[in-house]
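To start, the structure itself, in C-alpha cells.
The values are calculated or read from the model by the stated rules, or taken from the named source; none is laboratory data. Only a predicted model underlies this, so the values are computations on that prediction, with no experimental measurement involved. Using ideal geometry, Cβ is built from the backbone for each residue, glycine included, and neighbour counts are taken over all protein chains shown.
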Amino acid sequence: MSENKPKALVIDNLHVDFAVQGGRVHAVRGVSLEVNRGETLAIVGESGCGKSVTMMSVMGLTPSPPGRVISGSAKLNGQELLGLKTPQLNRIRGADIGMIFQDPMSALNPTMKVGEQIAETLMIHKAMGHREALQRAVALLDRTKIPEAAKRAQQYPFEFSGGMLQRAMIAMSLACNPSVLIADEPTTALDVTIQNQVLELMREIQRDEGMAIVLITHDLGVVARMAEQIAVMYAGQIVESGSVDDIFYRSAHPYTQGLKQAMPSLTMHAEDRLEAIAGSPPDLFSPPVGCGYCSRCPYAMNVCESMPPPVVDVAQDGSHNSRCWLQHPQSTRIIDDLYIPSVNREDAPC
Ligand code: SF4
C-alpha cells in the first residue's frame with residue numbers, strides 16, 4: 001500500500017458479536033485493515049466469513065441487538081466512528097461514506113421517483129433547495145451514463161433495468177462526494193456485460209474523485225480487475241493481506257490457495273473441474289482455539305490445532321501478511337506450492 005496517500009479508513013482490532021438463542025456468535029474477531037484515498041481494497045472470502053458484517057458495523061448498520069461491537073476502532077479520515085450516536089452517524093453516512101448494495105431494489109424506495117431519492121440525499125446533507133438538488137440528481141444520473149437522465153429521474157425504481165438500478169444506486173451513493181465508498185457485492189446480480197460497465201464506471205469515478213473503495217466480494221475476477229490491495233477473510237479474521245500481485249502470484253495462506261484453485265482460468269479445458277475447498281467453516285459460537293482453517297487445511301500441523309497462528313510478515317516491508325504457522329520463522333514444513341519466505345528454521349516448534 002502506498003505510504004504517501006492519506007488514509008481514508010482505518011479499522012483496528014474490531015470485534016463484533018451477535019447474541020442469539022443459545023449463545024454468542026463471534027462474527028468478527030480482531031479485524032484490522034486500512035484503505036488509502038484513491039485506492040481500492042477488496043475484502044474476499046466465503047459467505048458468512050464476516051466481510052459484510054465488518055463494514056456494516058463500521059457504518060453503524062448492524063442491527064443492535066442482536067449485533068454488538070465488542071471492541072476496536074474504526075476511523076474515517078481520522079474521526080472515530082464506533083460509539084457515535086445515530087444522529088452523528090446519519091450526518092456521516094451518505095455524506096462522507098457511501099454504500100452500494102448487492103440488491104439496489106431493496107436499497108431504493110419503490111414508492112419514490114429515483115431523482116427525488118437522490119435529491120433528498122443532497123437536501124439533507126448539502127442543505128440544497130429542492131430545485132437545485134433535482135438538477136444535481138439529473139447530472140449525477142447522467143454522470144453514471146444513464147441515458148435520458150432527466151426523463152429517468154422522473155421514473156420509479158421498478159421502471160429501471162438491473163444495470164440501470166445499480167447505476168442509480170452509484171449515483172445516489174456519490175451524491176455528496178464521499179471519501180469512502182463501500183461496495184458490497186455490487187455486480188453479483190448483473191450479467192457479465194453490465195457487470196463490466198458498472199465496474200468500469202466505478203473505476204472512472206474513482207479516478208476523477210479520488211475516493212477510496214472498499215469492495216466486498218467473493219469474485220476473484222472482479223478483485224483482479226478492481227483492487228490494489230486484498231484482505232482475505234475466513235471465520236471472522238483476516239488470514240492474508242497484501243497487494244493484488246502478492247495474493248494472486250505469491251499467496252502464502254492455504255485458504256487463499258484454496259480460493260484461487262476454485263476460480264476458473266483461461267487455461268482450463270472443458271473437462272477440467274474446479275477444486276472446491278472440502279469441509280465447512282468452524283462454528284463461531286465457540287471458535288477454535290487454534291487456526292480456524294485447521295479442519296480443512298491440507299497442511300495442518302499439531303500446533304495449528306492448539307495455538308492461534310501468528311500474523312507473519314511474508315514480505316520484509318510488512319506489506320504482505322499471513323495468519324499461518326507455515327510462515328512462522330521456526331516452521332519446518334517446506335511446501336512447494338505455497339510461498340514461504342526464506343527463514344531460520346532451526347529449533348522448530350511445528
Ligand atoms: Fe493450515 Fe496450520 Fe496454516 Fe492454519 S495455521 S492454515 S491449519 S498450516
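Structural remarks
- Failed item in (1) buried (at least 22 other Cβ atoms within 10 Å of the Cβ); (2) part of a loop (DSSP other than H, G, I, E, B); (3) touching a residue at least 60 places away in the same chain (Cβ under 8 Å), with Glu240 passing the rest: (2)
- Residues satisfying the stated conditions in the range 275-297, i.e. modelled with pLDDT under 90 and more than 20 Å from Val53 (Cβ to Cβ): Glu275, Ala276, Ile277, Ala278, Gly279
So that you can scan it fast, the table gives a plain yes or no per residue for (1) more than 27 Å from the chain's Cα centre (by Cα); (2) under 22 Å from Leu41 (Cβ atoms):
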residue	(1), (2)
Gln135	yes, no
Ile146	no, no
Ala153	yes, no
Ala171	no, no
Ser179	no, yes
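- Condition check for Ala224: within 22 Å of Gly50 (Cα to Cα) and either crowded, with 22+ Cβ neighbours inside 10 Å or at pLDDT 85 or above (or both): yes
- Any hit, the range 277-284, residues being surrounded by fewer than 16 Cβ atoms within 10 Å (Cβ to Cβ) and within 12 Å of the ligand (Cβ to nearest atom): yes
- Leading residue by the ranking (farthest from Gly23 (Cα to Cα)) among those in the range 60-100 that are among the charged types (D, E, K, R), buried (at least 17 other Cβ atoms within 10 Å of the Cβ) and at pLDDT below 90: Asp96
- Some residue of the range 166-174 being surrounded by fewer than 23 Cβ atoms within 10 Å (Cβ to Cβ) and hydroxyl-bearing (Ser, Thr, Tyr): no
- Hey, Thr256 away from the ligand (no atom under 16 Å from the Cβ), crowded, with 21+ Cβ neighbours inside 10 Å, among the hydroxyl-bearing types (Ser, Thr, Tyr) and touching a residue at least 24 places away in the same chain (Cβ under 8 Å) or not: no
- Taking the range 129-161 as the range and being of a type in the set (A, V, I, L, M) and surrounded by fewer than 18 Cβ atoms within 10 Å (Cβ to Cβ) as the test, the residues that pass are Ala139, Ala150.
- Scanning the range 1-36 for residues that are outside any strand (DSSP E or B) and farther than 23 Å from Ala315 by Cα yields Gln21, Gly22.
- Residue within the range 84-106 that is under 18 Å from Asp184 (Cα atoms), in a helix (DSSP H, G or I) and touching a residue at least 24 places away in the same chain (Cβ under 8 Å) present: yes
- Test: residue in the range 204-222 that is farther than 30 Å from Val69 by Cβ, of a type in the set (Asp, Glu) and assigned to a helix (DSSP H, G or I): yes
- Val44 passes every criterion in (1) in contact with a His (Cβ under 8 Å, 6 or more places away or on another chain); (2) at pLDDT below 90; (3) crowded, with 19+ Cβ neighbours inside 10 Å apart from (2).
- In the set (1) of a type in the set (A, V, I, L, M); (2) surrounded by 15 or more Cβ atoms within 10 Å (Cβ to Cβ); (3) without any contact (Cβ under 8 Å) to a residue 24 or more places away in the chain, the condition left unmet by Val214 is number (3).
- Scan the range 300-314 for residues that are surrounded by fewer than 17 Cβ atoms within 10 Å (Cβ to Cβ), more than 27 Å from Arg24 (Cα to Cα) and more than 27 Å from the chain's Cα centre (by Cα) and the total you get is 1.
- Which numbered condition Asp245 fails, given (1) at pLDDT 90 or above; (2) surrounded by fewer than 17 Cβ atoms within 10 Å (Cβ to Cβ); (3) under 23 Å from Val25 (Cβ atoms): (3)
- Sole exception among (1) touching a helix residue (DSSP H, G or I) at 6+ places or on another chain (Cβ under 7 Å); (2) at pLDDT 85 or above for Ser57, by number: (1)
- Residues of the range 175-203 satisfying the condition of being assigned to a loop (DSSP other than H, G, I, E, B), of a type in the set (S, T, N, Q) and touching a residue at least 40 places away in the same chain (Cβ under 8 Å): Ser179, Thr188
- Taking the criterion of being within 11 Å of the ligand (Cβ to nearest atom) and part of a loop (DSSP other than H, G, I, E, B), the residues of the range 305-334 that qualify are Met307, Pro308, Pro309, Pro310, Cys324, His328, Ser331, Arg333.
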